[in-house]
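What follows is a set of notes on a single structure, which appears directly below.
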Amino acid sequence: DSGVTQTPKHLITATGQRVTLRCSPRSGDLSVYWYQQSLDQGLQFLIQYYNGEERAKGNILERFSAQQFPDLHSELNLSSLELGDSALYFCASSVVGQGGTDTQYFGPGTRLTVL
Amino acid sequence: GQQLNQSPQSMFIQEGEDVSMNCTSSSIFNTWLWYKQEPGEGPVLLIALYKAGELTSNGRLTAQFGITRKDSFLNISASIPSDVGIYFCAGPTLSWTSGTYKYIFGTGTRLKVLA
């Protein structure tokens, strides 16, 4: 158990819909990262938040957005869903989130299926 | 953009055999991380390497930070059935525009251990 929690574990929805994925970081971690993992693919970095502010952006679509709240939990919002958005979405957290030596701990993921 | 290439893509081995896999990059990294992902779970950090030439062990796992800083290797000795999973390498890349780091992940090596 990494200490990072994600809800829901599974989500099934239809094209065009909007969903929200939730992540609670490890106690004491200030930074949250979101990743997308499509079938048989590696992890694609989406976005990072540090202490409530956006820190780094990866290949995140404009239909996707995220935020980190004062209690440090984070939500990833996916809108106008398409079939290709079906994937595992992982949240990771780390203590500081800067420099190249900050270890990330991953949550169990949310499996999104868009029908 | 930067890519991390892992080889082999997949391996089927007999229990008790040793395993070697590697990760190469087109550019230099200052940190190499190795993660293992089991089906339905998030990646779990196995070993972190911070210095060129560094050799670090974690039980039956040994990883090395290549001298050129463009590659890393992971070895598993005396494999057991629970070693099955996908092994990812990862490294931080610096965004010169934002001055922040983000991690990129390799495509993974899928390991299956036959009892």
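Restricted to segment B:91-115, and to residues that are over 21 Å from residue B:43 (Cβ atoms) and modelled with pLDDT of 80 or more, which residue is nearest to the other protein chains (Cβ to nearest Cβ)?
In this case the residue turns out to be B:114.
Quickly run through segment B:45-55 and pick out the residues that are more than 7 Å from chain A (Cβ to nearest Cβ) and either closer than 21 Å to residue A:36 by Cα or not in a loop (DSSP other than H, G, I, E, B) (or both).
Result: B:46, B:47, B:49, B:55.
Looking at (1) surrounded by 13 or more Cβ atoms within 10 Å (Cβ to Cβ); (2) over 30 Å from residue B:85 (Cα atoms), find the lone condition where residue A:62 falls short.
Condition (1) is where residue A:62 drops out.
Does residue A:36 satisfy the criteria of being open to solvent by 40 Å² or more (accessible area, probe 1.4 Å), under 12 Å from the mean Cα position of the chain (by Cα) and under 22 Å from residue B:33 (Cβ atoms)? I'd like the intermediate steps shown before the answer.
On the way: open to solvent by 40 Å² or more (accessible area, probe 1.4 Å): no; under 12 Å from the mean Cα position of the chain (by Cα): yes; under 22 Å from residue B:33 (Cβ atoms): yes.
No: the conditions fail for residue A:36.
Could you list all residues from segment A:7-34 that are of a type in the set (Ser, Thr, Tyr) and either farther than 14 Å from residue A:86 by Cα or free of Cβ contacts under 8 Å to residues at least 60 places away in the same chain (or both)?
Once the filter is applied, which keeps residues that are of a type in the set (Ser, Thr, Tyr) and either farther than 14 Å from residue A:86 by Cα or free of Cβ contacts under 8 Å to residues at least 60 places away in the same chain (or both), segment A:7-34 yields A:7, A:20, A:24, A:27, A:31, A:33.
Given (1) free of Cβ contacts under 8 Å to residues at least 24 places away in the same chain; (2) among the hydrophobic types (A, V, I, L, M, F, W, C); (3) within 11 Å of chain B (Cβ to nearest Cβ), where does residue A:64 come up short, assuming only one miss?
Against the list (1) free of Cβ contacts under 8 Å to residues at least 24 places away in the same chain; (2) among the hydrophobic types (A, V, I, L, M, F, W, C); (3) within 11 Å of chain B (Cβ to nearest Cβ), residue A:64 comes up short only on (3).
Yes/no per residue for (1) away from every other protein chain (no Cβ under 14 Å); (2) buried (at least 19 other Cβ atoms within 10 Å of the Cβ); (3) over 14 Å from residue A:95 (Cβ atoms):
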{"residue": "A:3", "(1), (2), (3)": "no, no, no"}
{"residue": "A:19", "(1), (2), (3)": "yes, no, yes"}
{"residue": "A:24", "(1), (2), (3)": "no, yes, yes"}
{"residue": "A:27", "(1), (2), (3)": "yes, no, no"}
{"residue": "A:31", "(1), (2), (3)": "no, yes, no"}
{"residue": "A:46", "(1), (2), (3)": "no, yes, yes"}
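The values are calculated or read from the model by the stated rules, or taken from the named source; none is laboratory data. Remember, it's a predicted structure, so these values are computed and weren't measured experimentally. We place every Cβ from the backbone using ideal geometry, glycine too, and count neighbours over all the protein chains shown. Protein only, heavy atoms only, side chains kept; ligands, DNA and RNA dropped before computing areas. Shrake-Rupley method; radii C 1.70, N 1.55, O 1.52, S 1.80 Å.
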